[in-house]
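FYI, it's all coordinate maths here, none of it is from the lab. A quick note: this is a predicted structure, and the numbers were derived from the prediction, not measured. As a convention, Cβ positions derive from the backbone with ideal geometry for all residues, glycine included, and neighbour counts pool all protein chains shown.
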Amino acid sequence: MLGKLMKYEFLAMGRVFIPLFGALLLVSIVNSILGHFGFRVSAGIGIAVSVILMVGIAVIVLILTLQRFWTNLLTNEGYLMMTLPTGPDNLILSKLFVATIWGFASAVVVTVAILIMAISDIDLSSIHNGIRYMFSQIPFTSHQITLLIFQFGLMLVLGSLANTLMLYACMALSMLVNKYRALVSFGAFIGITTVLQIIMTIIMVLAIRSHLIMDFESYIHSLTAFSGIQIYTWITIVFTAILCALFYLVTRYMLKRRLNLQ
Amino acid sequence: MAILNCNELRKSYGSKVALNGINLTIEPGRIVGLLGPNGSGKTTLIKICTGLLTPTSGQALINGMSPGPETKAIVSFLPEATYLNSWMKVSHMLSFFKDFYSDFNLDKAQDMLRNLGISEKDALRSLSKGTKEKVQLILVMAREAKLYLLDEPIGGVDPAARDYILNTIIKNYNPDASVVISTHLIYDIEQVLDDVIFLKNGEIALSSSVDDLRENHGMSVDAYFREVFRC
């Protein structure tokens, strides 16, 4: 059932993303060809265009993520989706996974598009050398670097899931009222982000305080760079995973128990 | 076993009581009219049976089960709202139903679409409201479900289409299945009903077979409805 739901979700989002990706890659290829014939733009304009592309695609990903959940589950289309022979888990997960996959795909396509546009200006071997140099300067073993790459990847994926789930939870919370649902969702978003900021500040203060008691400075000096990063990454991973679970459970409860389509 | 069984079903929205202790049983093979004025709780009752709403207390059992994935697989529900994804074509909706409902009869649906002159290639956004309602009804009636819950199936279409829709309902439900039709247009559907349930302010005012009602009160369902709900 999850697979079938994801199939239709892919189609619904792909309808927007595939033409968009196509247009983006086409424009960057044309741009690159023009570059070969001497129609060069200044580096400043190139950077500006790249930034606009990145922000633009991020906004489209955000809007579509919101729209697919809101329109498909919480308005009239919800009468169809919510009466399919499946539970709220599959509905939420199908939307979550597909939105996340399209989000990462967008990041890849934008990167490729920017690289294509810049290709005539960039010496690929210097990038290669630069990356090698960077790694040679990191004072970690290759084993440690592999672990760090894995952890950063996990943080990226979990962070993205937590963000999307937070948006779902905010929208689902609007089922508590009968009027001004969009406004209530926005209010929930402001409320949740504020509370999260406060919690994170408290955690940070507590962390520093507890270290102060046992002599913060000597504690810091006792850490190697690697173990310092490890503490930070594991705290982040656990905290983000807890947020994911929390937002998921709120969304699930609202869809299962408090659904009230109008 | 009863296909639908409601037991002391209550639902309130805040302080407003929508259903106040509904007890009812619907046996297989019946066409039941769920009748009542606006705001009497018809839609609320149907939504609880489809699992779209959770009751405040009491329970609704479909084939002995609480609403969930198993009951949704045997309940075919036509909401009052248009739920079709506007970006899809009619053919997309057919494959969508085929994918999700193992009891969906594709041939039957295609047949009905042909009879009504609706092309499978039509984009749903290009269809009129009435045509969308017909497509939706075809999708719902092409399922070989155990229980059909039809919320105002004839409210938005012209009288000529009403006859076609009612015929579609009668022709397409299988004898072991039950159909619940909620409406306030009683005159139009009276001739197809086996039983009627009158809802008044969230309570059952009358539950009877149509034959008994005519015999006991000496009038049609429509006339009796007007008497019970006289303003």
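Other protein chain C-beta atoms within 10 Å of residue C-beta, averaged over A:79-92: 6.
Arrange the following residues from fewest to most other Cβ atoms within 10 Å of their Cβ: A:ARG68, B:ARG162.
Neighbour counts put them in this order, fewest first: B:ARG162, A:ARG68.
Remark on the protein assembly as shown: hydrodynamic radius 26.7 angstrom, per the Kirkwood mean of 1/r across alpha carbon pairs.
Hydrophobic, long helices, defined as DSSP H runs whose alpha-carbon span along the helix axis is 24 Å or greater and whose mean Kyte-Doolittle value is at least 0.5, occur in chain A at A:2-36, A:43-69, A:88-118, A:142-173, A:181-213, A:225-257. Computed about its Cα centre, the charge dipole of the range B:129-231 is approximately 420 debye, with only Lys, Arg, Asp and Glu carrying charge at their Cβ.
What's the longest uninterrupted piece of chain A once you rule out the chymotrypsin sites (Phe, Trp or Tyr not before Pro) that are loop residues per DSSP with at most 14 other Cβ within 10 Å?
Maximal segment without exposed cleavage sites: A:40-179.
Each Lys and Arg Cβ is given +1 and each Asp and Glu Cβ -1; about its Cα centre, chain B then shows a dipole of about 800 debye.
Compared with the alpha-carbon gap, the fully stretched path from A:SER227 to A:ILE29 is longer by 66.8 nm at 0.36 nm per residue.
Dipole of the protein assembly as shown computed with +1 at Lys/Arg Cβ and -1 at Asp/Glu Cβ about the Cα centre; of B:ASN167, A:LEU96, A:ALA58, farthest Cα towards the positive end is A:ALA58.
Rounded to the nearest 0.05, what FRET efficiency do A:LEU246 and B:ARG226 have when you use their Cβ-Cβ distance and R0 = 60 Å?
Values: r = 54 Å, r/R0 = 0.90.
E between A:LEU246 and B:ARG226, to the nearest 0.05, is 0.65.
Mind checking the full-extension length gain between A:ILE63 and A:THR146? Use 0.36 nm per residue of separation minus the Cα-Cα distance, one decimal, nm. This chain segment gains 26.4 nm when fully extended. Just so you know, the averaged projected area of the alpha carbon convex hull for the range B:137-231 sits at 6.7 nm². Restriction of the trypsin sites (Lys or Arg not before Pro) in the range B:192-231 to DSSP coil positions whose beta-carbon has at most 16 other beta-carbons within 10 angstrom yields B:ARG230. Largest GNM mean-square fluctuation across B:LYS72, B:LYS47, B:LYS129, computed for chain B with C-alpha springs under 10 Å, falls on B:LYS129.
Place a +1 charge on the Cβ of each Lys and Arg in the range A:24-133 and a -1 charge on the Cβ of each Asp and Glu, then give the dipole magnitude about the Cα centre in debye, rounded to the nearest 20.
Computed about the Cα centre, the dipole is about 60 debye.
When shorter helices are ignored and each DSSP H run of at least 4 residues is given -39500 (n - 2.57), the per-residue value for chain B at 222 nm works out to -10000 deg cm²/dmol.
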